[in-house]
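For reference, the structure discussed in these notes is given below.
Since every read-out is calculated from the coordinates, none of them should be taken as a lab result. Since the structure is predicted, the reported quantities are computational estimates derived from the model, not experimental observations. As a convention, Cβ positions derive from the backbone with ideal geometry for all residues, glycine included, and neighbour counts pool all protein chains shown.
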Amino acid sequence: MQQSDNLLQSLSQCFLQTLAPNPEPRKQAEAFLRQAADLPGYGIAVLQLVSGSTLDEQIRQAAAVNFKNHVKYRWEISDPDAISTFTPIPDPEKEQIKGLILGLMLTAPQKIQSQLSEALASISSHDFPQKWQSLLPELVSSLSSSSDYKVIHGILQTVNSIFKKFKYQYKSSELYRDLKYCLNGFAAPLLDIFLKTGQLIASNQDLPAVLKPLFESQRLCCRIFYSLNFQELPEFFEDHLDEWMGEFHKYLTYTNPLLKETDPEKESVVDQLKAAICENINLYMEKNEEEFKDYLTGFATDVWSLLMDVSLLPSYDRLATTAIRFLTTVSKSVHHSLFSSAETLKQICECIVIPNVRIRGEDEELFEMDHVEYIRRDMEGSDTDTRRRMACELVKGLSVHYKEQVTSMFSTYVKGMIDKYAANPIENWKEKDCAIYLVVSLAPRQVTGGATGTDLVNVEQFFVSQIVPELQSQDINDQPLLKADALKFVTTFRSQIPKAMALAVFPNVIRFIVAESCVLHSYAAGCVEKLLLLKNDRQPRFAPADVAPFLQPLLANLFSALKLPESQENAYVMKCIMRVFSSADIGPIATQCLAQLAAILGQVCKNPTNPSFNHYLFEAVAAVVRKSFERDPEVVAAFESILFPVIQVVLQDDITEFAPYVFQILAQLIESRRPPLPSVYISLLAPSLNMTLWQRPANVPALVRLLQAYLQKAPEEIIHGNQLTQVLGVFQKLIYSRSTDHQGFFILNTVVENLSYQTLSPYIGQIWNVLFYRLQNQRTVKFIKSLIVFSSLSVVKYGHTVVAESINAIQPNLFLMILEQVWIPNLSFITGDLECKLCSVAATKLLSESPVLLADSAVATWGKFLNSVVTLLVRPEEERVNEETDVPDLDEFVGYATVYAQLHNAGKREEDPVKEVKDPKEYLVNSLMRLSSQYPGKFPSIILQHLEAPNQTGLAQLCSTYRRTLV
Amino acid sequence: MESSGVASHAPGKREQIKTSVGAVAGQRRRKLAVTLGKERRDAVVRGKRIRRADTNDDSEFMELAEAAVDDENAYKQLEEEVSQAVQNLKLALSTSGKGAATKKLEALRKLRQLLSFNSAPPIHVAVASGAVPILVDCLAFGSSEEQLLEAAWCLTNIASGELDQTRAVLPAVPLLIAHLGERSAVHVAEQCAWAAGNIAGEGEDMREILLSQGALLSLSRLIFSAVPSVARTSCWAMSNLIKGPSARAATELMSIKGIPECLVQHLIKGDEALVAEVAWILVYVTVLSDSCTAVLIHAGVLPPLFQWLASSEQTTVLTPILRTLGNIVSGENAKTDAVILAGHNVSGGLCGALLRCLKAPHRNLQKEGAWVVSNIAAGSMEHKRMLFTSNLLDRLVHLLKAAAFDVKKEAAYALGNLCVTPKQAGTEPHPILEHLSSLVARGCVKEFVNLVRLPDAEASRLGIQFIELVMRSLPNGQGPKLVEIEDGIAALETLQFHENEELRNMATVLLDGYFGDDYGLEEEYGSKVVDGNAGGNDVSDYPSWRRKGTVGV
């Protein structure tokens, strides 16, 4: 591409148009740029526009954004096999770009600078340092020659982003080579600029406008320090420890009122720097404690006093959490004795922990305004960086070495808070909130069955005295935060609360499902759901009979909750509905329940937004269907009339998110039907064989499941409708891909299970051809195992003769070849009880009946086959299965727009295809005995020759177990 | 459906990375060729060495040089003296006639004294004043032994400086190498070897220059020397020369006739100072070449190594020996067997000797020792059994609980490796339940949970892999409960936003798989109905055979 003025002109025109409000010219411009981007020289041209200081600022900025993306997608095409629509940037142009970009970035206005900085970072991720040796020296020389902090900021920002990889990649020779290069080049300049900026800070104490960029630059230096020191302590830093630590100390104790922010949400530059320093000293404390120990006492004092007067405003959150984290690290280390005195412990707990645990205005606001975020933080552990969580971590850290003292102190605090609350419940509700928070949070986080206890309080007593009164409160909307705390307590300690007590508060808990507060009714639903999951000796703690008395109000409240504002698609509520349906006895009201679910389903079909909610909704539907059919199969007709209208909507409107669910529900309905199937199902068969549906990966498992149901319940209809060819077409499509071949076998196996050989015989040659083609061209362990299972099933269902003949029809003697090369060597890798049984029974049949194997010329094959069968039957799976997994095909997983989600409630039960055989071991021994009595003296010698020693012993043991002898 | 929300909805993605969770440690790690950190203070200073003058070397500059260490004015004066000395030497070289040779030597010695009386002489001044070309002149063939020695000494100390100073010495390389030869006086050859060692210590490119000019062969002859200091200096220089990262030089050295045997003899007969230098050669050979390692073993290197390992108190000796052994046992199992066999000659055997290091007061020895153990623990089942039943186990558990970070991490590698069956190509290791249960009973879960939280990607990965193993393997679903009690959930949660993608994914998989929304369903519906993903006990990367519908009924 010629970089003529004309071209630049038209490009700049295009960039202007990409900003146009009118979609027509915008799209045109975008299309033009996409095309132009494939031409060599495009990147340089755009970069020219970016640097054109005479151009309109808007155009330059749009060009900068475009350049950033251009570089991101076209610098290196990561996967050479993937069909990429992008043409990579030619190498000479790359060199040109690398020569220009740094200079441009450092002189550009801020907005453009940040785009170019990102572009530079993404180039570096490929080329730096090996293929871009000039970058670091250039950065260093600009750094030392510049006194403009805008430029310095740009340099440090760039260095920070290109060094970031050192703090998350694993050690490797390559990483160390790069790191060493960066250390050689930048360790000394970093210290220089840090000291130099420090002097400027000292001499400009009363000029906030000057100080701010200086502090920002220091913060970046600290981040770079972190990256360079992350892997291990580099020599340079160890040699200059005094200088670095001295500076760190200086800033941790620095104050300057002029730099305070007025906005309570905005972190000041000084605090940003302090937080970065806390991270650095925490890193040293964790990893280089020996070299760091001389500085430790000083820093502990610094951080300590910093925390003593750090404000509770949100703008100080980051500083507070990083500072607390440092103290936590110290408390767990060998230097914990710094905190050993009773007075110190007391101060930490009272002046640092408790204030940070107390609920703040911001938390209350979150409780009211953003229930999703509040729950995520409060209940689901995404609060790893909050003050509350960090303060609790500090308590846990102190408990490592001072458990008794800490526990007794906190028991006292909790008691004190409760007393204060009791003195004035309205005024002092936060005291109780804090008490419950501490009790819950200081127990280890446990999901399984809830926490096993706490040392702070007696759970049962606390429950009775503090929690039950909250739950019994008259007004369910009064002090919702405390009620939510109470429910969180019940959920957390659910397994510790005796059943009778829990049952007694059940009605109280149910009331809160319709409380106004979203957090509160979500917690109530979640609490019920978790209680219903509790087990005693594998039996549910709350049996259907226990729940029966509350069932009506519980369901009524749950469905009412879904009408509350902002909770129309509340996943906690829907999950609870699902749990109730799957665990309680809903017999008489099932139809009514299903109708309610169908109505909701009809609503969400219009605009599916919340995947969790929808998932539980379908689970709930599947649960009702499953439970009801177990009780009364006749109910299916009523269910069909409720469900079909929505199912039709999903299929007709092509609601892709729901299709996999609907196919599973349909399969569930079909499976519960006795043939013949009503015509409405048959009419759905043809569309479900439509290939466009099968092209969506998320549909495949569900459609396979559905097709299996059809094959099972309507084989005649499939044959008469001439749809068997299509079914086999689906099988063929699935078998060719290694990610779906097992699904293809599911179909094929079901065909064999349900169709006679007569029906299948016209196709069998073609089927073997497809399978052997795949075997030849892409042999995977998974495929071979599936092939053996399928062949075994065919032997058992159709007999060994037709299997052998149909294979040999493809090529003479092929059956024996397959046996010798595929079947026998891999038989012992089969896993799964049913699969093992099936394959051993089929092998036994072949061994005792197949003339191919009984021929004198096949003696060795017979012996090896028996050896494999015995391995399969007598050796434990861990021993015989080498866990030969295939290399995963990553590509095949990419691009799941919709992800297949299996419905647990619509799960399928496996059936044994060889029910007539009770014990495959006995079957083998009996068959062998019969066979050997036909040819006395023939087999013992074969066995001696071909069976491995442990298998000889194993077989002998089997014979003696079943009292049989081989002659 | 977006992949947000209930995370259990992504079976495809989950299976794809499943393998990485299952693949517990099970790996041997060689030391990386690149080092960033300071060589530990208690180890000998390796890279470059300055040669200090004897204190009885009578000189007018002695006091000045000593004062210059912490007196700025004295240092300035010293700088001027150096500059002056170089000028004098130039002058002495240009004059001829009676007594010129003596004057020359006198001037040369003065310069050398200035450059060797303290540990940080002003060599930059010497370089800037143009000392190197005249020193090269002084190395001319036919010069007196004394002159050669003094010149080589000056060059040695200049080469011990920073990159630029070392580089300045390059013009002297051909002559330095020439004087390594047999015809040189022994102390001259030694001094030239020293200079070459300093140059080689600078870096890969310097080593290449030396190698291309034939330094290796000349230097190797000095290794055979019966003079202890010559053997020692040449071994040290050689260890610098073969550092790599290319294995070429090390391979070439080992192919020189008699070298492997000579090194073994030094190990048997030498003093600790010589043994330390020899052992560093062994370190580089064993890390760079498997076949050369075999040659060394064949030459009988292991028995004397064990004698020292079991008896020496010097970290300078023990450190390179541990490195060497660690490198050897990171190879195939047969080599580990050879190491174990050789260990039988000392009391307590291999395990006893290693235990001694793990109990040493030096952190670095503990770390190197634990690293060796971790490599043995990645070996065959027999090796794992041996370690497991030895008295090393208690010590490792102790180190895991109480040691400094880097030692702790090595101990964790060792213990983690003990809990899985040997790694085979393309397969995932299985747990060794007996070992795992024993470690769990000793309270190791808590320690591995703590590793997860550390700001170190490897430590986090080790922690999470061990946790995965515990949850997957312990019978009756005890695993997840144990992990919960040790606050493992909170620890895993800290990784969910980690910048390392693998760690992030592993944490998410474990949290979803064991503690996610589906948790409990298995118990409720029986394992057959529940997707194998949710139970987390499925190690394959494709749908389990025990899952629904395989036989298609």
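Which three numbers, in whole Å and largest first, are the semi-axes of the equivalent ellipsoid of the stretch A:108-215 derived from its Cα gyration tensor as √(5λ)?
27, 16, 12
With the cut-off at 27 Å, tell me which of the pairs A:K212/A:K346; A:K167/A:K346; A:K530/A:K627; A:K171/B:K257; A:K432/B:K446 have Cα atoms farther apart than that.
Beyond 27 Å: A:K212/A:K346; A:K167/A:K346; A:K171/B:K257; A:K432/B:K446.
With a/c under 1.5 counting as rounded, go ahead and sort the stretch B:221-260 into rounded, prolate or oblate using the C-alpha gyration tensor (a ≥ b ≥ c being the square roots of the eigenvalues; past the cut-off, prolate if a/b is larger than b/c, else oblate).
oblate
Ordered by residue, what ³J(HN,Hα) values in Hz, to whole numbers, does the stretch A:579-596 give under the Karplus form 6.51 cos²θ - 1.76 cosθ + 1.60, where θ = phi - 60° and Gly and Pro are x?
The phi angles translate into 5, 4, 5, 8, 10, 8, 9, 9, x, x, 9, 4, 4, 5, 4, 4, 4, 5 Hz.
Please give the FRET efficiency for B:R248 paired with A:K180, using the beta carbon to beta carbon distance and R0 = 30 Å, rounded to the nearest 0.05.
0.90
Along the Cα-to-Cβ line of A:I942, 7 Å from the Cα, sits a label point; which residues in the stretch A:790-808 have backbone N less than 19 Å from it?
Only A:800-801, A:804-805 pass the distance filter.
How much net charge surrounds A:F939 when only other residues with a Cβ under 13 Å from its Cβ are counted (Lys, Arg +1; Asp, Glu -1)?
Net local charge, A:F939 excluded: +2.
Quick one: length gained pulling A:Q347 to A:A949 fully straight, 0.36 nm per residue minus the C-alpha distance?
Extra length available between A:Q347 and A:A949 comes to 209.5 nm.
Semi-axes of the equivalent ellipsoid for the stretch A:530-669, please: Cα gyration tensor eigenvalues, times 5, square-rooted, ordered largest first, whole Å.
24, 18, 13
Return one number: the angle in degrees, 0 to 90 and rounded to the nearest 10, between the long axis of the Cα atoms of helix A:611-631 and the longest principal axis of the Cα atoms of chain A.
Result, in degrees: 30.
Rounded to whole Å, give me the distance from the Cα center of the stretch A:725-750 to that of the stretch A:89-143.
Spelled out, the Cα-based centre of one part sits 51 Å from the other.
Need one number for the stretch A:322-474: average projected area of the convex hull over its C-alpha atoms, nm².
Result: 10.0 nm².
Separation between the A:D856 and A:Q934 pseudo-spin-labels, each 7 Å from Cα along Cα→Cβ, expressed in nm?
1.7 nm
Pop a pseudo-label 7 angstrom from the Cα along the beta-carbon direction at both A:A188 and B:L93 and give the gap in nm to one decimal.
Here the modelled spin labels are 2.8 nm apart.
What percentages make up the Cα-Cα pair-distance distribution of the stretch A:249-378 when the bins are 10 Å wide from 0?
Here the calculated profile for the stretch A:249-378 is 11, 38, 33, 15, 2.
Under a 5 Å amide H to amide H cut-off, with H placed in plane at 1.01 Å, what residues pair with B:L474 once short-range neighbours are removed?
Here B:G479 satisfy the definition.
Using the number of other C-beta atoms within 10 angstrom as an exposure proxy, rank B:D456, A:D378 with the fewest first.
Ranking B:D456, A:D378 by Cβ neighbours within 10 Å, fewest first, gives B:D456, A:D378.
So between B:R504 and B:Q84, what do we pick up on full extension, going 0.36 nm a residue minus the alpha carbon distance?
Separation in residues times 0.36 nm, less the Cα-Cα distance, equals 144.8 nm.
Could I have the simple spin-label model distance between A:D546 and B:E332, label points 7 Å from Cα toward Cβ, reported in nm to one decimal?
6.2 nm
At 0.36 nm per residue, and after removing the present C-alpha to C-alpha distance, how many nm does the segment from A:D537 to A:K563 gain when stretched out fully?
Net length gain for the segment: 5.6 nm.
From the phi of every residue in the stretch A:305-310, what ³J(HN,Hα) in whole Hz does the Karplus formula 6.51 cos²θ - 1.76 cosθ + 1.60 yield, where θ is phi - 60° and glycine or proline is x?
Result, ordered by residue: 5, 4, 6, 4, 10, 6 Hz.
Between the stretch B:455-486 and the stretch A:216-252, what is the separation of their alpha carbon centroids in Å?
Answer, in whole Å: 34.
Can you tell me the alpha carbon radius of gyration of the stretch B:339-389 divided by the globular rule-of-thumb value 2.2 N^0.38 Å?
Cα-based Rg divided by the globular estimate yields 1.11.
For helix A:949-961, report the angle its Cα long axis makes with the longest principal axis of the Cα atoms of chain A; keep it between 0 and 90° and round to the nearest 10°.
60 degrees
Given the stretch A:736-790, what whole percent of its Cα pairs are spread farther than 12 Å?
66 percent
What residues qualify as long-range amide H neighbours of A:K535, i.e. H under 5 Å apart, gap of 5 or more or another chain, H built at 1.01 Å from N?
Distant-sequence amide H within range of A:K535: A:R541.
Just check the stretch B:92-201 against the gyration tensor rule for me: Cα atoms, a ≥ b ≥ c as the square roots of the eigenvalues, rounded for a/c under 1.5, and otherwise prolate or oblate depending on whether a/b exceeds b/c.
The shape class here is oblate.
What ranking do A:C576, A:C959, B:C154 get, fewest neighbouring Cβ atoms within 10 angstrom at the top?
A:C959, A:C576, B:C154
Let me see the P(r) profile for the stretch A:44-200: every Cα-Cα distance counted, bins of 5 Å, each bin given as a percent of all pairs.
P(r) for the stretch A:44-200, in whole percents per bin: 2, 8, 17, 19, 19, 16, 10, 6, 2, 1, 0, 0.
Name the residue farthest towards the positive end of the dipole of the protein assembly as shown from the options A:A423, B:L318, A:P950, assuming +1 on Cβ of Lys and Arg, -1 on Cβ of Asp and Glu, about the Cα centre.
Final value for the positive-end residue is A:P950.
Could you estimate the translational diffusion coefficient of the stretch A:606-683 from the Stokes-Einstein equation, with Rh from the Kirkwood formula over C-alpha pairs, at 20 °C and 1.002 mPa s, in whole µm²/s?
After rounding, the answer is 162 µm²/s.
Could you give the alpha-carbon Rg of the stretch A:393-445 over 2.2 N^0.38 Å, rounded to two decimals?
For the stretch A:393-445, the normalised Cα radius of gyration is 1.22.
What net charge is computed for the residues neighbouring A:L8, neighbours being all others with C-beta under 14 Å from the C-beta of A:L8, Lys and Arg scored +1, Asp and Glu -1?
Surrounding charge for A:L8 is -1.
Mind checking which lysines have their Cα closer than 30 Å to the Cα of B:K90? Skip sequence neighbours fewer than 8 apart in that chain.
Result set, ordered by chain and number: B:K48, B:K76, B:K98, B:K103, B:K104, B:K110.
Could you tell me the distance between the Cα centroids of the stretch B:111-135 and the stretch A:780-835, to the nearest Å?
Using only Cα atoms, the two centres lie 83 Å from each other.
Write down the Å³ per residue value for the convex hull defined by the alpha carbon atoms of the stretch B:87-146.
Spelled out: Cα convex hull of the stretch B:87-146, divided by residues, is 83 Å³.
Could you give me the percent of Cα pairs per 10 Å distance bin for the protein assembly as shown, shortest bin first, beginning at zero and ending with the bin that holds the maximum distance?
1, 7, 11, 15, 17, 17, 14, 9, 5, 2, 1, 0, 0
Mind putting a number on the dipole of the stretch A:360-419 about its Cα centre? Charges go on the C-beta only, +1 for Lys and Arg and -1 for Asp and Glu, and I need it in Debye to the nearest 20.
Taking the Cα centre of the stretch A:360-419 as origin, the dipole is about 480 debye.
Provide, for q = 0.14, 0.17, 0.18, 0.20 Å⁻¹, the log10 of I(q)/I(0) from a solvent-free Debye sum over equal Cα point scatterers in the stretch A:181-317.
Ignoring solvent entirely, the Cα scatterers give -0.65, -0.95, -1.06, -1.27.
So what does the Cα-only Debye profile of the stretch A:649-746 read at q = 0.10, 0.14, 0.24, 0.25 Å⁻¹, as log10 I(q)/I(0), no solvent term?
-0.24, -0.48, -1.42, -1.50
Between A:S10 and A:Q776, what FRET efficiency follows from the Cβ-Cβ distance if R0 is 45 Å, with the result rounded to 0.05?
Here the calculated transfer efficiency is 0.25.
Using modelled backbone amide H atoms (1.01 Å from N, in-plane), which distant-in-sequence or interchain residues come within less than 5 Å of B:V420's amide H?
B:I432
Calculate the FRET efficiency for A:E368 and A:I426 from the Cβ-Cβ distance with a Förster distance of 22 Å, rounded to the nearest 0.05.
0.75
Let me check I've understood the local charge: for B:E434, count other residues with C-beta under 11 angstrom from its C-beta, Lys and Arg +1, Asp and Glu -1. What total comes out?
+2
Over the Cα atoms of the stretch B:407-483, what Rg and Dmax result, in angstrom?
Using the Cα atoms of the stretch B:407-483, the pair Rg, Dmax is 11.9, 33 Å.
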